[in-house]
Amino acid sequence: MAEVLKGKPVADAILAELTKKIAELKERNLMPKLGIIRVGARPDDLYYEGGVKKTCAAIGLLLQVFEYPENIAQDVFEKEVAEVVAKKDIHGILMFAPLPKHLNEKKIRSLISVAKDVDCLNIASAGQVYADELGAFPPCTPAACMEMLHFYNIPIKGRRCVVLGRSLVVGKPMAMLLLREHGTVTICHSRTIDLPEVCREADILIAGVGRAKMVNADYVKKGQVVIDVGINQDPDNPGKYCGDVNFQAVEPIVEKISPVPAGVGSITTAMLCKHTVMACETLSQ
Ligand code: NAP
């Protein structure tokens, strides 16, 4: 039976550390604060926002939501975002994406300064992350995977890491973070030939494809660590969600595996808070 890598103990450890740090900062009159920019009121965004609000309240991190109507004009929105970014009391900014189609999202993302870009929305932040410049924040999800690997003492240096997926928010930054810690990294995608065979070569397999239970018994081998980033509707349990890994089939084979739900997803909000506190410290130096 594999060791199940639960997200909650990882998140709890990060949040306990942050609670102490925020209290220390407050003693120095520094009030770390996250700003959320939301256009419209999509249920997914509201759900995530609700979770972030709860976590922030629990650790003493200030939060302000900047909400805009769905039909906001590009020029008006650009001005609003620039004003939020310029606020001295806001240290981290999360903007829900995708934005409504009529907005030029790339342009809006570029307005979020790298120093406050706690979820790596600006392409300039991604560039700095890829160049191993430590002033920029990687997206919270791959950062959460790294925290999980560290928490469970899973060595990365010199080991074969296979990342399934090459999106800007999961796959690519994931590969870069593993590379930064000296993993030997292969990135797979929809055109990879013999995908199961490539995945079987991994010591650490990270799945971020957005395909329910795609990673099956033939993708894995004994001794592997499998981290499942996927969040998909579960085709076998309507109303529930599942990962990219077929947990039932894979768990008996591998050494360690993260579950969905209760895996990486539980750590993402903690990372958002951590990045915001780090931004506050840097901006106030
Ligand atoms: P995405 O933008 O759709 O990217 C999916 C990637 O998977 C692409 O690179 C795609 O390859 C590859 N892919 C798709 N089908 C494939 C197949 N059959 N074989 C091999 N590769 C395949 O998705 P994403 O935003 O990266 O998200 C990935 C998953 O992570 C989703 O389930 C999402 O819900 C989840 N997610 C979780 C969190 C979290 O906090 N846990 C956060 C963000 C996302 P091509 O590039 O060739 O098309």
If you wrap the chain's Cα atoms in a convex hull and average its projection over all directions, what's the area in nm²?
15.0
If Lys and Arg each add +1 and Asp and Glu each add -1, what is the summed charge of the other residues whose beta carbon sits under 11 Å from the beta carbon of Gly165?
+2
All other residues with a Cβ under 13 Å from the Cβ of Val225 taken together, and with Lys, Arg as +1 and Asp, Glu as -1, what is their net charge?
0
Number of Lys-Lys pairs in the stretch 29-114 under 21 Å by Cα, sequence gap 8 or more or different chains?
13
Give me the aspartates and glutamates in straight-line cross-link reach of Lys20: C-alpha distance below 15 Å, same-chain residues under 8 apart excluded.
Asp12, Glu281
If you average the sequence gap of Cα pairs under 8 Å that are 6 or more apart and divide by the length of the stretch 140-265, what percent do you get for the contact order?
22
Along its three principal axes, how long is the stretch 169-273 when you only count alpha carbons? Whole Å, largest extent first please.
38, 37, 28
Would you mind calculating the relative contact order of the chain from Cα pairs under 8 angstrom and at least 6 residues apart, reporting the percent as a whole number?
23
Most to least packed among 69-79, 176-186 [average Cβ atoms within 10 Å]
176-186, 69-79
In degrees, nearest 10, the alpha-carbon axis of helix 8-27 is tilted away from the dominant principal axis of the alpha carbons of the chain by 20
How large is Rg over Rh for the stretch 158-217, taking Rg from the Cα atoms and Rh as the Kirkwood inverse mean of 1/r across Cα pairs?
0.94
Charge context of Leu179, other residues only, Cβ under 13 angstrom, K/R +1, D/E -1:
+3
Nearest 5 is fine: what % of DSSP beta bridges in the chain come out antiparallel, could you say?
5
Can you compute the charge dipole magnitude of the stretch 29-114 about its Cα centre, using +1 on each Lys and Arg Cβ and -1 on each Asp and Glu Cβ, nothing else charged? Give it in debye, rounded to the nearest 20.
220
Just to check I understand the Karplus step: with θ = phi - 60° and J = 6.51 cos²θ - 1.76 cosθ + 1.60, what whole-Hz values come out for the stretch 91-106, glycine and proline as x?
9, x, 10, 10, 10, 6, 10, x, 7, x, 4, 6, 8, 7, 5, 4
P(r) weight above 18 Å for the stretch 86-202, C-alpha pairs, percent:
57
With the contact rule set at Cα under 8 Å and sequence spacing of 6 or more, what percent relative contact order holds for the stretch 9-75?
41
Amide H to amide H under 5 Å from Val39: which residues, 5+ apart in sequence or cross-chain, H placed 1.01 Å off N in plane?
Tyr68, Phe96
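Bear in mind that the values in this text are calculations on the coordinates, not laboratory data. Keep in mind that what you see is a predicted model, and the values were worked out from it rather than measured. Counting neighbours? That spans all protein chains shown, and the Cβs are built from the backbone with ideal geometry, glycine included.
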